[in-house]
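Structure first, then comments.
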Amino acid sequence: MNYNFKGTGVAIVTPFHKHGTIDFNSLKKLIEHLISNGVNYLVVMGTTGESVVLSKDEKYALINFVVEEVDNRIPIVVGIGGNNTQLIKDTILSIDFEGIDAILSVSPYYNKPQQKGIFLHYKEISGVSPVPVILYNVPGRTNSNISAETTLKLARNFKNIIGIKEASGNLNQIMQIIKNKPKDFLVISGDDVLTLPIMAIGGDGAISVTANAFPKEYSEMVSLCLRKNKKQALELHYKLFDFINEIFAHGSPSGIKAALEILGLCDNNLRLPLVKVDKSVQLKLQELISEIQKET
């Protein structure tokens, strides 16, 4: 089961119409764009999908739509996380997991729990989840780090906790996890610009924002890393390098939505408090996209 999540996962955006409702037609177009260009799985309702500004009904509608459109062609991971453990458990128990292959659960944010609290939080989630659980460590957003020790303790104690999306940027911590983890526990890059270095030290792939725009190139880079083809992987890494940095210049998903509009995949609409990137970033993205397309 764990091998379903090796390679490239995409933290898919949620397209919106100008008046704010979910643009399901563009979502369908984006799903086909991703599957036809070789991504390994989709992550729905992550940070990139603006999950925190979706209503409960919208979340259910989004999950149902993606499950129907994907139609078992590739695995689906649903983001279910937060800083209220009981609410997460209630949410998991309320969902029909038909067609859903795993959940991605971000570490509790804002209330800054101790490591013991983080461990017990995931223990509770593990106990109610009918599908595998992928931990998500992103201290830049949560202001709270899952230590290597806590990650390893969770990996060893709960069979359905199958991996971690690591976006700490701390390669020393990531190496501690990779060195000491159970054999089948996955370490997945959560930082697009560090995917190649993380895979070089033993990582298993990425859950990518960039791959919304360039799924073929990003997936090929990850595949080359898995096949130990360093030279060609490095070429693709640097082909995408400036673009990756630019889509995060004003935060995510503002940058990737601007890029997707340039590519004709969805309109650049966000929900407050997120706003569009400024004109200078938009122009730079246009330039970088043109360069990448010329090289393809």
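Read-outs: derived from the displayed coordinates by stated rules, not from any lab. Because the structure is a prediction, the values reported are computed rather than measured. Cβ atoms come from the backbone with ideal geometry, glycine included; neighbour counts cover every protein chain shown.
Okay, here's what the table says:
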item	result
Per-bin percent of Cα-Cα distances, the stretch 1-66 [5 Å]	4, 16, 28, 24, 16, 9, 3, 1, 0
Packing-based order for 127-135, 174-182, using average beta carbon neighbours within 10 Å, highest first	127-135, 174-182
Built amide H within the under 5 Å cut-off of Ala11, gap 5+	Val43, Ser208, Val209
Tail weight of P(r) past 20 Å, computed on alpha-carbon pairs of the stretch 76-148, percent	24
Beta bridge orientation in the stretch 2-215: antiparallel %, DSSP, nearest 5	5
log10 of Debye I(q)/I(0), alpha-carbon scatterers only, for the stretch 145-294 at 0.10, 0.11, 0.17 Å⁻¹	-0.40, -0.48, -0.96
The stretch 246-296 pair-distance distribution - Cα-Cα, 5 Å bins, rounded %	5, 23, 32, 25, 10, 4, 1, 0
Table column - 3J(HN,Hα) (Hz), the stretch 185-192, Karplus curve with 6.51, -1.76, 1.60, x for Gly and Pro	6, 8, 10, 10, 5, x, 9, 3
Computed helical MRE - 222 nm, the chain, DSSP H runs ≥ 4 contributing -39500 (n - 2.57), nearest 500	-14500 deg cm²/dmol
Ranked packing of 72-79, 274-281, 105-112, most packed first, by mean Cβ within 10 Å	72-79, 105-112, 274-281
Volume per residue of the C-alpha convex hull in the chain, rounded to whole Å³	118
Sorted peptide list for 85-91, 18-24, criterion being average Cβ within 10 angstrom, highest first	85-91, 18-24
Percent RCO, i.e. relative contact order, over the stretch 4-45, from Cα pairs under 8 Å lying at least 6 residues apart	62
Karplus-derived 3J(HN,Hα), 6.51/-1.76/1.60, for each residue of the stretch 197-214, Hz, glycine and proline x	x, 5, 6, 5, 9, x, x, 10, x, 8, 10, 10, 8, 3, 5, 4, 8, 10
Length-normalised contact order for the stretch 2-215 - Cα pairs under 8 Å, 6+ apart - percent	21
Alpha-carbon centroid distance for the pair the stretch 111-126 / the stretch 178-214, whole angstrom	23
Cα-based equivalent ellipsoid, the stretch 197-252: semi-axes from gyration tensor eigenvalues, Å	20, 11, 10
Rg/Rg_ref, the stretch 52-174, where Rg_ref = 2.2 N^0.38 Å and atoms are Cα	1.06
Sites matching GluC sites (Glu not before Pro) across the stretch 64-123 that sit in DSSP coil, with at most 16 neighbouring C-beta atoms within 10 Å	Glu98
In order through the stretch 81-86: 3J(HN,Hα) via Karplus (6.51 cos²θ - 1.76 cosθ + 1.60), integer Hz, x for Gly, Pro	x, x, 10, 10, 4, 5
5 angstrom amide H check on Ala102, placed H, neighbours 5+ away	Ile76, Val78
For Gly205, residues with placed amide H under 5 Å, excluding near neighbours	Gly7, Ser189
Only Lys, Arg (+1) and Asp, Glu (-1) charged, at Cβ; the chain dipole about Cα centre in debye	940
